[in-house]
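Single-structure report; data block below.
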Amino acid sequence: MSPSTGIHTRVRQADEDDIAELVRLRALLFENLGGDYFDPAGGDGGWMGALAVLLKDRMTADSLRILVVDGDSGLAACGIGSVEQRLPGPHLQNGRVGLVIGVVTDPAYRRRGHSRSVMRGLLDWFAEREVARVDLYASPEGEPLYRDLGFVDHPDPALYRRP
């Protein structure tokens, strides 16, 4: 139940019928984040077809969990989690790391607790898989939710390089 609205949010695992809506919500996420990193100049949208193919191929993989909330027509929200096996170390005993990939809610359905419900579902799934740590990149709008769920600043600086 959403604390702010009293509405119960039903989270379910995505299926193949959700692929077009998952692609739509991911595109919405990148539009909202903007900037050269998330929406590079000259992007032709070809990534959306590649995403649809990947989602279809990996929808039921053990290392991927896609959770959704249904809206009146289409999806209201979604979140994707993956588990990566990295090398164990003193800070990562079993080497399993969870990664939250793009929790997004359609603007028409925001402020109803959908992202929180999706995140709780993903965190339960990560716990079942005994991940040693869960990482995510937070938008300024999402950061308060993630901090409320126990996320803290990562000790390692995040760097990237495009080949």
Approximate spin-label separation E130-I101, in nm, with each point projected 7 Å along Cα-to-Cβ: 2.4 nm
Accessible-area ranking of E21, E128, largest first, probe 1.4 Å: E128, E21
Amide H contacts of V134 (H built 1.01 Å from N, under 5 Å, at least 5 apart or other chain): G98
Protein-only accessible surface order, largest first, of H114, H154 at 1.4 Å: H154, H114
Kyte-Doolittle at least 0.0, axis length at least 20 Å by Cα - qualifying DSSP helices, the chain: 19-33
FRET efficiency, H91 to Y137 (Cβ-Cβ, R0 22 Å, nearest 0.05): 0.65
The chain - Debye-derived log10 I(q)/I(0), Cα point model, q = 0.12, 0.13, 0.14, 0.19 Å⁻¹: -0.56, -0.67, -0.78, -1.42
Probe 1.4 Å, all protein chains present, accessible-area order of Y146, Y137, largest first: Y137, Y146
J(HN,Hα) series, segment 60-74, from Karplus relation 6.51 cos²θ - 1.76 cosθ + 1.60, nearest Hz, glycine and proline x: 10, 5, 5, 8, 9, 10, 10, 10, 9, 10, 6, x, 5, 9, x
Modelled FRET efficiency - R0 45 Å, Y160 with R12, Cβ distances, 0.05 increments: 0.85
GNM top mover of G71, G150, G102 - the chain, alpha-carbon springs below 10 Å: G150
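The values are calculated or read from the model by the stated rules, or taken from the named source; none is laboratory data. Since the structure is predicted, the reported quantities are computational estimates derived from the model, not experimental observations. As a convention, Cβ positions derive from the backbone with ideal geometry for all residues, glycine included, and neighbour counts pool all protein chains shown. Each accessible area value is taken on the protein alone, full model and side chains, heavy atoms only, with ligands, DNA and RNA left out. Shrake-Rupley method; radii C 1.70, N 1.55, O 1.52, S 1.80 Å.
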